[in-house]
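Student: Okay, here's the structure, questions in a sec.
The values are calculated or read from the model by the stated rules, or taken from the named source; none is laboratory data. Keep in mind that this is a model prediction, so the values were computed, not measured. Reconstructed Cβ throughout: ideal geometry from the backbone, glycine too, with neighbour counts over all protein chains shown. For the accessible areas, the whole protein counts, side chains as well, though only heavy atoms, and no ligand, DNA or RNA atoms are used. Shrake-Rupley method; radii C 1.70, N 1.55, O 1.52, S 1.80 Å.
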Amino acid sequence: MKRIEVKLHVPAVAPLLDVIKGAADSLRDGLAAPLRVEGLDADFRAAWQDELAAAQNEDVRLLLSLFDREFFSTGIIALDGANAEAIVRACAAVRLRLRVLELAALPDESLEDGTVELGQLAEPVRRAFMCYVFLATLQDLVLSHLDTAILGGGAAPAA
């Protein structure tokens, strides 16, 4: 199974972890992308939502676990086929939550292409945007280097 280790600048990433934790806390109460399926039995819908929320929260827990005591001493996070899929899902969930909670005033195009004037943003919005970009970069990294691990085996193309 392919494994990559990513060296991050701890002073740059540490403040973003507070943003991720805040979004993670808000995700405990519900899905990042709520179910919108009509015609389901209420009990079935509730059970399904509970299962999805538990899986989402476990993915986010795994994402946060990358930033443990070892990370703060080395600046390194390790990604592999065992955690790649959950990390991508957790990044997506947190980014969706940030989009709704902190970044709603920014146009989607600006968020996705990064054309946001940071100096014009209030500090909480700036941190949320930086976190949004960081998580997008982490998703891209996983998908570009571990995509075959996610899709079911084989060696990923060399970078």
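Student: Hey, what D do you get for region 69-113 in µm²/s if you plug the Kirkwood alpha-carbon radius into Stokes-Einstein at 25 °C and 0.890 mPa s?
Tutor: 193 µm²/s
Student: Set the Förster distance to 22 Å, then compute FRET efficiency between Thr137 and Val37 from the Cβ-Cβ distance, nearest 0.05.
Tutor: About 0.10, to the nearest 0.05.
Student: While we're here: Can you put Arg127, Arg95, Arg69, Arg28 in order of accessible area, largest first, using a 1.4 Å probe?
Tutor: Heavy-atom accessible area, descending, gives Arg69, Arg28, Arg127, Arg95.
Student: Please report, in whole Å, how far the alpha carbons of the chain spread along each principal axis, starting with the longest.
Tutor: 48, 45, 31
Student: Taking a probe of 1.4 Å, how large is the accessible area per residue of the chain, in Å²?
Tutor: Each residue of the chain exposes 57 Å² on average to a 1.4 Å probe.
Student: Using a 1.4 angstrom probe on the protein heavy atoms only, could you order Arg45, Arg3 from most to least accessible area?
Tutor: I get Arg3, Arg45, largest accessible area first.
Student: Then there is this: What are the extents of the Cα atoms of region 1-70 along their three principal axes, in Å, largest first?
Tutor: 48, 32, 18
Student: Report the gain in length on full extension from Glu85 to Arg28: 0.36 nm times residue separation, minus Cα-Cα distance, nm rounded to one decimal.
Tutor: This chain segment gains 18.6 nm when fully extended.
Student: Sticking with this one: In terms of solvent-accessible area of protein heavy atoms at a 1.4 angstrom probe, what is the ranking of Leu52, Leu103, highest value first?
Tutor: Leu52, Leu103
Student: Now a separate question. Within region 1-126, what whole-number % of the accessible surface is contributed by carbon and sulfur, with the 1.4 Å probe and all protein chains included in the calculation? Let's see the in-between values first.
Tutor: Details: 4050 of 7510 Å².
After summing per-atom areas, the C and S share lands at 54 percent.
Student: Now, a different point. Along the Cα→Cβ direction, 7 angstrom out, place labels at Glu109 and Ala78. What is the inter-label distance in nm?
Tutor: It works out to 4.4 nm between the two label points.
Student: With a length cut of 27 Å (Cα positions projected on each helix's long axis) and a Kyte-Doolittle mean of at least -0.5, go through the chain and give me the DSSP H helices that pass. Mind showing how you got there, number by number?
Tutor: Values: long enough: 42-65 (34 Å, -0.24); 123-151 (38 Å, 0.83).
Taking the DSSP H segments of the chain (at least 27 Å long, mean hydropathy at least -0.5), we get 42-65, 123-151.
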